[in-house]
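All remarks here apply to the structure that follows.
The values are calculated or read from the model by the stated rules, or taken from the named source; none is laboratory data. What you see is a predicted model; the values in this text were computed from it and never measured. Using ideal geometry, Cβ is built from the backbone for each residue, glycine included, and neighbour counts are taken over all protein chains shown.
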């Protein structure tokens with residue numbers, strides 16, 4: 001089998017918006033990931049993706065021409081996706097876990113095509129999201145019941161699949177018990193070329209330890225309750241009460257933005273807390289964090305495997321955050337960071353105050369964070385993920401390793 005003839009069909013839980021001029025709007029993060037992913041794949045790649053007419057994307061977006069992409073993009077309805085479309089010229093299907101994808105592994109099995117699932121959100125994480133975003137108790141109960149029923153269907157599909165790739169430890173710990181070909185990875189879109197240099201971390205942490213300057217804190221992401229953005233101002237207020245000299249830079253947009261700005265003004269925190277808006281990830285946000293941030297404050301309430309963790313560590317910046325399952329897994333594997341009990345902003349602020357008095361520990365953790373991120377850069381992570389796909393193909397088709405090399 002010539003590797004150039006191997007077609008990978010991809011289905012993910014992203015959506016795009018199609019414009020009248022045939023161009024497509026997608027998030028910059030998704031565009032970058034797919035472009036890099038396709039550059040590693042030696043054969044053909046098809047992306048089957050749904051449309052989001054609302055285009056209410058809170059993250060940075062990019063407008064592209066489908067014909068100029070390095071892979072085939074086809075807008076479909078997952079709900080009505082026919083096997084003939086799914087399996088057209090396909091050697092292997094690589095699909096996100098989701099309620100619209102539960103039967104894909106069964107379709108692949110019937111057609112004699114291998115299937116690998118990609119999982120991110122555990123049942124616990126999905127329930128956490130429901131509990132945070134749904135005020136009506138009856139609707140919340142119904143949504144959690146639906147999530148439990150969906151999990152049973154999902155487990156059935158995963159059992160039939162030829163493998164599963166798990167973003168973060170929560171789903172890995174669950175699904176490796178039902179699929180023997182489970183693979184753990186940590187999502188990171190930072191390539192080797194954009195990782196912080198040791199010299200950069202040395203200079204920044206020397207400034208931290210050798211000069212009596214305010215501790216520099218940071219948050220980046222959607223400014224919504226699920227991400228704990230509302231607790232950032234609580235933390236800032238407590239730090240002020242504790243007499244900690246600090247600066248807090250908050251990057252991103254979202255529903256809580258205006259409320260947060262009002263609270264900053266009302267609490268007389270304008271000199272310490274800066275709302276920075278949304279910056280370009282590669283050219284603005286990463287350089288700023290690498291040079292100007294000592295500690296990342298992460299109040300994520302739900303256990304989703306946010307790429308924020310590894311991307312922050314790629315800057316040589318350690319993280320203090322709530323002990324959701326996903327972040328706890330990162331701390332366990334990296335031996336870096338500080339876990340605080342969920343929904344306790346005062347306790348988190350008190351720990352920051354403690355660290356402010358032991359800046360050398362922040363310095364040590366900065367280098368440790370970078371070392372872990374280096375082992376999980378975008379390139380290394382996708383090489384390992386593609387090698388997992390490769391080995392799954394070997395086992396399914398019985399190909400010889402020398403005749404089908406992906407990486």
(request) Return the residue satisfying two criteria in turn: it lies in the range 260-275 and is over 21 Å from residue 343 (Cα atoms) and touching a helix residue (DSSP H, G or I) at 6+ places or on another chain (Cβ under 8 Å), and of such residues it is surrounded by the fewest Cβ atoms within 10 Å (Cβ to Cβ). (result) 270
(message) Please verify whether residue 222 is surrounded by 15 or more Cβ atoms within 10 Å (Cβ to Cβ) and in a helix (DSSP H, G or I), treating the condition exactly as stated.
(response) no
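Please find, within the range 114-146, the residue that is surrounded by the fewest Cβ atoms within 10 Å (Cβ to Cβ) out of those that are under 28 Å from residue 85 (Cα atoms) and modelled with pLDDT of 95 or more.
Filtering the range 114-146 down to residues under 28 Å from residue 85 (Cα atoms) leaves 114-121.
Within this subset, residues satisfying the condition of being modelled with pLDDT of 95 or more are 114-119.
Working: 114: 21, 115: 28, 116: 24, 117: 29, 118: 23, 119: 23.
Checked the range 114-146; the qualifying residue surrounded by the fewest Cβ atoms within 10 Å (Cβ to Cβ) is 114.
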(request) Spot the failing condition for residue 344; the list is (1) free of Cβ contacts under 8 Å to residues at least 60 places away in the same chain; (2) over 22 Å from residue 230 (Cβ atoms); (3) out of contact with any helix residue (DSSP H, G or I) (no Cβ under 7 Å at 6 or more places or on another chain), and only one is missed. (result) (2)
(message) Suppose we filter 373, 349, 353 for residues that are buried (at least 19 other Cβ atoms within 10 Å of the Cβ) and over 28 Å from residue 192 (Cβ atoms); which single one remains?
(response) 349
(request) State whether the residues of the range 219-227 include one that is under 16 Å from residue 360 (Cβ atoms), in contact with a strand residue (DSSP E or B) (Cβ under 7 Å, 6 or more places away or on another chain), at pLDDT 95 or above and in the same structural domain as residue 267 (by TED's automatic domain parsing). (result) no
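Here is a yes/no grid of residues against (1) at pLDDT 95 or above; (2) not in a strand (DSSP E or B):
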residue	(1), (2)
255	no, yes
268	no, yes
271	no, yes
274	yes, no
284	no, yes
289	yes, yes
297	yes, no
301	no, yes
(message) The conditions are (1) over 24 Å from residue 97 (Cβ atoms); (2) assigned to a loop (DSSP other than H, G, I, E, B); (3) out of contact with any helix residue (DSSP H, G or I) (no Cβ under 7 Å at 6 or more places or on another chain), and residue 190 fails exactly one of them. Which is it?
(response) (3)
(request) Determine whether residue 330 is in contact (Cβ under 8 Å) with a residue 12 or more places away in the chain, within 17 Å of the chain's Cα centre (by Cα) and surrounded by 18 or more Cβ atoms within 10 Å (Cβ to Cβ). (result) yes
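May I ask you to list the residues in the range 193-219 that are within 22 Å of the chain's Cα centre (by Cα) and either more than 27 Å from residue 271 (Cβ to Cβ) or in a loop (DSSP other than H, G, I, E, B) (or both)?
Step one: of the range 193-219, the residues within 22 Å of the chain's Cα centre (by Cα) are 193-196, 217-219.
Within the range 193-219, 193, 194, 195, 196 qualify.
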